[in-house]
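Here's the structure, in structure tokens; my notes come after.
The values are calculated or read from the model by the stated rules, or taken from the named source; none is laboratory data. Not measured: the values here are computed from a predicted model. Virtual Cβ from ideal backbone geometry, glycine too; neighbours counted across all protein chains shown.
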Protein chains: 2
Amino acid sequence: MDDRTTKSRIRDAAIHRFGEVGFERATIREIAADADVSPGLVLHHFGSKAGLREACDEHVVASFGASRAEMVETGTTDPFATLAALREEEPHLRYLMRALRDGSPAAARLFDEVVRESEAMTALGVEAGILRPSEHPHDQAVLLVAWQFGALALAEHMARGFGVEPFSDEMTARVGRAALEVLSHGVFADTRYEDAWRRLDEAADVTPADAAEGESE
Amino acid sequence: MDDRTTKSRIRDAAIHRFGEVGFERATIREIAADADVSPGLVLHHFGSKAGLREACDEHVVASFGASRAEMVETGTTDPFATLAALREEEPHLRYLMRALRDGSPAAARLFDEVVRESEAMTALGVEAGILRPSEHPHDQAVLLVAWQFGALALAEHMARGFGVEPFSDEMTARVGRAALEVLSHGVFADTRYEDAWRRLDEAADVTPADAAEGESE
DNA sequence: TAAACTATTGAACATGCGTTCAATGTCAGA
DNA sequence: TCTGACATTGAACGCATGTTCAATAGTTTA
């Protein structure tokens, strides 16, 4: 027995399928079978496959929004607690991972939201003396979110590299440890590369301000 | 006039299409049209769509292998020179990006190869005093490659975050600058998080050696 | 009770796809 | 010139898919 409404059962089955095999490969017939309904009913409730995707997007994004809002309230500032908390909702996480890879609009929305929040939280961390101030806080936020989401999207490959199961506790631990080391000390022994880059930068006059237009080519 | 052989023309058209829209969405008919041949000829040369993918995989992986081998010979040790060099072959880069997102076997192969090479190059860098020695060199290599490839896979989102075009010089510059800052200094002001994690680590006894099996659950 | 509306089904439809295949063209070698 | 192998075409086939639709069951409303 399943006390959820039929519509939400279909949506959850779709989230699961989409997350597992991607939007393209997932078929309405399979989703309907998973939810123990006929294919026709899926279309009755969601209009089309695209409509079904939108409903899933909305639900997952809202769900993550809620848990992020909770973290903001409790005042969590570091990104790894976030990652750990995300693991609680594995189907949604898989869905998000797929959405990122599929290039779904929802993933783009979520990416931008998280960048914005990450930038704000970083500012708080800097004030609190926990985080090192960056010369380009926005760029850094974009990069760190891309790394975090990117690692999520490539979880399968990382797991293989570690020799563990994707989405296992083992994996979270290994990723967390390695990431903390890098994010605490960096990987370069000194700043020779950074200095070199900065000189190139100043010569080419690439500043965030006039970033919108490309003057070469 | 195109002096390449018809077969390689088809393969290059396929690499382009696969890279642009992904393996699933790309159709043999479109690829054939791009290469100015009939759909039948594509199958005549490559047997099936999967065979065509394999041929593309092999070609792209080999191409990247060649340019990486060249970098090893010239003794380049830092990952950003690699990124810059990759930009020269944009279609192949787009293909690789898609392959990573699609979960193609070729992408897995390449990922593992690059991890291995990255680990070796990092060891060289440490010896040379350029790179900081890591406590878990393999884990660090996996993480850094995942970040690098992940950022590549999410190039579209990063570009939007920066307000620039994907695969533009502008974008390379911004990513490089932000990455160098993080990889030179880290983001944490001190090691309090790392220390806390290490204590958790020792308590749970999570070591790389017995990483293969999960004892909980 | 009757009517209207919603949930649900199963079959059918249309389309686009990968693939097959017989036919034709092309060209090197006997 | 004849022949065989290969390149190439275009039409057709079969299949899986998203979608439509009339019909049925169930539930609410007047």
Query - Selected residue [of a type in the set (K, R) and modelled with pLDDT under 95] from A:R98, A:R29 - result: A:R98
Query raised in the report: Does B:M121 satisfy the criteria of being over 15 Å from the mean Cα position of the chain (by Cα) and over 30 Å from A:P105 (Cβ atoms)?
Result: yes
Query raised in the report: Within the range B:14-37, restricting attention to residues that are near DNA strand C (Cβ under 8 Å from one of its atoms) and more than 19 Å from B:L93 (Cα to Cα), which residue is surrounded by the fewest Cβ atoms within 10 Å (Cβ to Cβ)?
Result: B:R29
Requested in this report: Within the range A:44-60, track down each residue that is within 9 Å of DNA strand C (Cβ to nearest atom) and out of contact with any helix residue (DSSP H, G or I) (no Cβ under 7 Å at 6 or more places or on another chain).
Outcome: A:H44
Query raised in the report: In the range A:1-30, how many are within 8 Å of DNA strand D (Cβ to nearest atom) and more than 23 Å from the chain's Cα centre (by Cα)?
Result: 4
**Report entry** Flag for A:A99 being part of a helix (DSSP H, G or I), crowded, with 20+ Cβ neighbours inside 10 Å and at the interface with chain B (Cβ under 8 Å from one of its Cβ atoms)
**Finding:** no
Query raised in the report: Within the set of pairs 6+ apart or on separate chains, which have a first residue in the range B:174-199 that is facing chain A (nearest Cβ under 7 Å), a second that is outside any helix (DSSP H, G or I) and basic (K, R), and C-beta atoms under 8 Å apart?
Result: B:H185/A:R132; B:G186/A:R132; B:V187/A:R132; B:F188/A:R132; B:A189/A:R132
Requested in this report: May I ask you to list pairs of residues, at least six apart or on different chains, whose Cβ atoms are under 8 Å apart, with the first in the range A:141-167 being facing another protein chain (nearest Cβ under 7 Å) and closer than 11 Å to B:F149 by Cα and the second being part of a helix (DSSP H, G or I) and among the basic types (K, R)?
Outcome: A:A153/A:R101; A:A153/B:R101
Query raised in the report: (1) more than 27 Å from A:T191 (Cα to Cα); (2) at pLDDT 90 or above; (3) of a type in the set (S, T, N, Q): which one isn't true of B:S134, the others all being true?
Result: (1)
